[in-house]
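Take a look at the structure set out below.
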Amino acid sequence: MVKTEIKETLIDLDKKHFIHPTSSLKQQQETGAPFIFTEGKGVYLTDISGKKVLEGMASLWNVNVGYGRKELAEAAREQMEKLAFTNSFSSMGNEPAIRLAAKLAELTPGDLNAVFFTSSGSESNDTAYKLARYYWKIQGSPEKTKIISRKKGYHGVNIGATSATGITPFQEMTSSLAPDFLHVDTFSTESLRKCIEIEGPDKIAAFIAEPVQGAGGVNIAPDGYFQEIRKICDENNILFIADEVITGFGRTGKMFACEHYGIVPDIMLLAKGITSGYIPLGAVVVTDRIHKDLIKYSEGVLLHGYTYSGHATACAVALKNIEIIEKESLIENSRLMGKELLDGFYKIQKEIDIVGEVRTLGLIGAVEIINPVTNTRFPAHIAPKVSAEAAKRGLIIRTVVFEGMDTLVFSPPLVINQKEIEELLSILREALLAVQNSL
Ligand code: PMP
């Protein structure tokens, strides 16, 4: 079969059999899959028709070390041949899981030293809510159950994680969610204080936030915000959970984004960049204090565990992935290339009228679209038109159009170099100009 025939067959099968995550089911039927990728190398993907595109999103903010890493394939193969998997229930173990737990303890700030493994960010979130409630319950405060999160926050799609997510359309998918979840304003410490006052600190288990909101539009906290959050949580005996699912492993120019603010959460959630997406894995890291209390007060069995908690092959890949991040100084590259990206955004902002605020922290960034005449958002969303123009020219970026936003977001692989940043910026500029001229 020639390539176009294979593509048509796949599109046909896709329409009939593949329910895509976070996708328009109608659009899939009408237009078919926009891309069916077959290969990746560095920051580029190639689709089945041979079209090469620059991945400005590192897929879902996660392919930190870039595509086509033979070392990671080799790490998986070696582990699979020796011992692909055994479960970690009943205190049984395997070497990669133990070594990875120790490595995460070394890398995470402060006394975050004990790790519970999951297979995704959503699982890390639901695990953290249960652990936080369990932590208070076994210490004689079973009524400390409420979880406070923030508007525009994204924490995943399991029932607990959806309930914590503060992006309304995700919550509205079903007409019933988990009880005991509350949402406060994104950067208002006052809103958190008020919420605690109304609900009572003795009813609240934890506050959760992303150090930089990702899916909510790459929202970077103002100076002092997270230090104040840490203080409020301490004063009220509320656990602070940092969801570093996107921001972990160098994305923001530090190993973990909490380091920008000099704070140590009680619980840190990881996934995505932990394996750069080569294999599913997530982790929940808790402080020594929590770990010790869990040991001291818990009786019988901790009845929480996934079949794949501590999956040997996933953990072996994570160890190799972290080794690559360290050896190739990808965190420094994230800082340097992040600066290039921001400088480029500023240039584009000066030249193109529909570009509003731009921002980055390391290699995560956003460009907002505004109507230059009114200095407000356009009535219809413009960002999706820009991303469509960019895709035509070989650049993949995403848009955030919830909650009144009209924003382009960026999160390229941390291996991106100067030339590739220039290519990204040049395509972005052309796409923005094309859309601006069409308005
Ligand atoms: N937390 C954050 C901050 C995320 O960005 C995501 C995924 N985008 C999740 C949790 C959920 O992770 P997963 O999709 O692996 O379940």
For Glu332 and Glu357 in the same chain, what is the full-extension length gain: residue separation times 0.36 nm, less their Cα-Cα distance, in nm?
6.5 nm
With a cut-off of at most 15 other beta carbons within 10 Å, and DSSP calling the residue loop, which GluC sites (Glu not before Pro) in region 38-144 qualify? Please list them.
Glu143
With a cut-off of 8 Å between alpha carbons and a minimum separation of six or more residues, what is the relative contact order of the chain in percent?
20
Return one number: the angle in degrees, 0 to 90 and rounded to the nearest 10, between the long axis of the Cα atoms of helix 95-107 and the longest principal axis of the Cα atoms of the chain.
80
In region 286-365, what GluC sites (Glu not before Pro) fall in a loop by DSSP, with at most 16 other Cβ atoms inside 10 Å?
Glu299, Glu328
Long-range Cα-Cα pairs in region 85-163 (distance over 13 Å), rounded percent
75
For region 310-317, Karplus couplings with θ = phi - 60° (6.51, -1.76, 1.60), whole Hz, Gly/Pro x
x, 4, 4, 5, 4, 5, 5, 5
State the Cα centre-to-centre distance between region 302-377 and region 36-81 in whole Å.
17
Can you give the FRET efficiency for Tyr346 and Asn237, using 1/(1 + (r/R0)^6), R0 = 41 Å, r = Cβ-Cβ distance, to the nearest 0.05?
0.40
The exposure ranking of Val317, Val157, Val373, fewest beta-carbon neighbours within 10 Å first, is Val373, Val157, Val317
Can you give the alpha-carbon Rg of region 64-209 over 2.2 N^0.38 Å, where N counts its residues?
1.29
Sum of side-chain charges, Ile232 neighbourhood, beta-carbon under 14 Å (Lys, Arg +1; Asp, Glu -1)
-3
Alpha-carbon Rg/Rh ratio, for the chain, with Rh computed the Kirkwood way
0.97
Any chance you could run the full-extension gain for Glu5 through His17? It's 0.36 nm times the residue separation minus the Cα-Cα distance, nm to one decimal.
2.5 nm
If the chain between Thr86 and Tyr297 were fully extended at 0.36 nm per residue, the gain over the current Cα-Cα distance would be 73.1 nm
Compute for region 1-106: radius of gyration divided by Kirkwood radius, i.e. Rg/Rh, restricted to C-alpha atoms, rounded to two decimals.
1.09
Among the listed pairs Lys144/Lys296; Lys3/Lys419; Lys41/Lys347, which have their C-alpha atoms separated by more than 22 angstrom in this model?
Lys3/Lys419; Lys41/Lys347
Sorting Gln171, Thr287, Thr186 by the position of each Cα along the dipole of region 70-327 (Lys, Arg +1; Asp, Glu -1; all at Cβ), the one nearest the positive end of that ordering is Gln171
Convex hull volume per residue for region 280-419, taking Cα atoms only, in Å³:
205
P(r) for region 70-327: what percent of alpha-carbon pairs falls in each 5 Å bin, starting at zero?
1, 6, 14, 18, 19, 17, 12, 8, 3, 1, 0, 0
Summing Lys, Arg as +1 and Asp, Glu as -1, what charge do residues with Cβ under 13 Å from the Cβ of His20 carry, His20 excluded?
+2
Tally Lys and Arg at +1 and Asp and Glu at -1 over the other residues with C-beta under 15 Å from the C-beta of Tyr346: what net charge comes out?
-2
Given Cβ point charges of +1 (Lys, Arg) and -1 (Asp, Glu) and nothing else, what value in debye, to the nearest 20, does the dipole of the chain about its Cα centre take?
400
Going through the cross-link list Lys254/Lys327; Lys15/Lys52; Lys51/Lys392, which pairs have a Cα-Cα distance over 18 Å in this structure?
Lys15/Lys52
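Laboratory data are not the source of any read-out in this text; all were calculated from the coordinates shown. Since the structure is predicted, the reported quantities are computational estimates derived from the model, not experimental observations. Here the Cβ is made from the backbone with ideal geometry for all residues, glycine too, and neighbour counts use every protein chain on show.
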